[in-house]
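Enquirer: One structure coming up, written as structure tokens, with questions to follow.
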Amino acid sequence: MPDNCEVNRAFLQVTGLFKRYGRVTALSGVSMSVNAGEVVAITGPSGCGKSTLLRCINRLVEPDAGEVVLDGVPVTSLGYPGLRRLRSSIGFVFQHFNLVRRLTVIENVILGAEMSCEASRTCRDEVEARAARALDRVGIPRSLFLRRPDSLSGGEQQRVAIARAIAMDPKLMLWDEPTASLDPILVQEVLDVMEDLIEKEHITMLVVTHEMRFAARAATRLVLLDHGKIVEDGSPAKVLCSPTSELGRRYARLAQTLACGAAASNV
Ligand code: ADP
């Protein structure tokens, strides 16, 4: 876990988020306050609203009610130009990578680098250098830079997607089940990259994940959602050792089975 995270002020404030899709209520009044440098793991049963919560934060999904304020910017009341600027400062890692198949690996990452360089009109050489550094950062060798995403393994593709996000030099990273579509054998290589970023980059992160060992070891905070509501919110040690909800107790038992307790108690 990061040892010098800056946790002095609410960096992200989510207040009373509601979202319905037809008759389905995905979020039912979610509020949370995240300090700069925190790494918040968000978990809960399938369909409980995790992905919707993440997507309401950068308005890939429009909430029906509620407010999101990021670093003083009122996200939920931004018009399109402001939203576009804001999104260029938020890295989003999708479950299914969302790489552009017709572009090469380096071109995909340049898309991320260009987003953050647009405002500063950084020259082409710097954009390419930034993309190459991001790929180096996630361990993608130069021999793969000119390949198309489809010719890489799932783990490599997700690492390219992570490089695209960090090439944006984001102030917030949102991860939507980044290992859920990978073979078990490839999950660890992506988790290793994530843990390394957490340890060294100190970026504020919200990570939707079912990887409880990772959450216990790497997150500063664990949030449990159930039916569109937060039912647990605290350090992994607190949530996994002294849960207050029925779902929290089920996760605590699961964590014991997976031997997450020792990891969590170090958090
Ligand atoms: P999770 O990420 O926890 O699996 P989601 O946020 O994806 O949950 O979904 C919450 C609920 O909203 C689920 O019942 C899901 O089926 C529903 N839902 C999500 N997206 C849509 C959509 N675009 N249209 C209709 N229902 C949706």
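Enquirer: Quick check on my filter: what residues within the range 214-254 are part of a loop (DSSP other than H, G, I, E, B), under 19 Å from VAL34 (Cβ atoms) and in contact with a Pro (Cβ under 9 Å, 6 or more places away or on another chain)?
Expert: Passing the criteria: ALA219, THR220.
Enquirer: Name the single residue that is nearest to MET32 (Cα to Cα) among those in the range 57-80 being of a type in the set (S, T, N, Q) and over 16 Å from the mean Cα position of the chain (by Cα).
Expert: Here the residue is THR76.
Enquirer: Further question: Pairs, please: C-beta under 6 Å, at least 6 apart or cross-chain, first residue closer than 17 Å to SER51 by Cβ and in the range 18-35, second small (Gly, Ala, Ser) and within 8 Å of the ligand (Cβ to nearest atom)?
Expert: Note: pairs meeting the criteria are LYS19/ALA26; THR25/GLY228; ALA26/GLY49; ALA26/GLY228; LEU27/GLY49; LEU27/GLY228; SER28/GLY228.
Enquirer: Find the residue count for the range 1-31, including only residues that are at pLDDT 95 or above and surrounded by fewer than 20 Cβ atoms within 10 Å (Cβ to Cβ). If you could, list the steps in order and put the result at the bottom.
Expert: Let us first name the residues in the range 1-31 that are at pLDDT 95 or above, namely 11-31.
Subset that is surrounded by fewer than 20 Cβ atoms within 10 Å (Cβ to Cβ): 13, 15-16, 18, 20-25, 28-29, 31.
Counting residues in the range 1-31 that are at pLDDT 95 or above and surrounded by fewer than 20 Cβ atoms within 10 Å (Cβ to Cβ) gives 13.
Enquirer: Here's something else I'd like to know. I'd like to check which strands (runs of 3 or more DSSP E) are fully inside the range 1-92 and have at least 3 residues that are more than 16 Å from the ligand (Cβ to nearest atom) and over 17 Å from VAL208 (Cα atoms). Spell out the reasoning first.
Expert: Values: elements: 10-21, 24-35, 39-43, 65-70.
So the answer is 10-21, 65-70.
To keep it simple, each residue is scored yes or no on (1) within 18 Å of the chain's Cα centre (by Cα); (2) among the charged types (D, E, K, R); (3) buried (at least 19 other Cβ atoms within 10 Å of the Cβ).
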| position | (1), (2), (3) |
| --- | --- |
| GLY82 | no, no, no |
| GLY112 | yes, no, yes |
| GLU128 | no, yes, no |
| GLU156 | yes, yes, yes |
| ASP169 | yes, yes, no |
| GLU177 | yes, yes, yes |
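Enquirer: When you scan the range 250-259, do you find a residue that is closer than 28 Å to VAL138 by Cβ, touching a residue at least 60 places away in the same chain (Cβ under 8 Å) and buried (at least 23 other Cβ atoms within 10 Å of the Cβ), even just one?
Expert: no
Enquirer: In the list GLY139, GLY112, which residue meets the criterion of being assigned to a helix (DSSP H, G or I) and either small (Gly, Ala, Ser) or in contact with a strand residue (DSSP E or B) (Cβ under 6 Å, 6 or more places away or on another chain) (or both)?
Expert: Numbers: GLY139 fails: assigned to a helix (DSSP H, G or I).
Step by step, each of GLY139, GLY112 is checked, and only GLY112 is assigned to a helix (DSSP H, G or I) and either small (Gly, Ala, Ser) or in contact with a strand residue (DSSP E or B) (Cβ under 6 Å, 6 or more places away or on another chain) (or both).
Enquirer: When the range 173-213 is examined, which residues are found to be touching a helix residue (DSSP H, G or I) at 6+ places or on another chain (Cβ under 6 Å) and in a helix (DSSP H, G or I)?
Expert: Listed by number, the residues that qualify are LEU186, GLU189, VAL190, LEU191, VAL193, GLU195, ILE198, MET212.
The values are calculated or read from the model by the stated rules, or taken from the named source; none is laboratory data. Predicted model, so just to flag it, every value in this text is computed and none were measured. We place every Cβ from the backbone using ideal geometry, glycine too, and count neighbours over all the protein chains shown.
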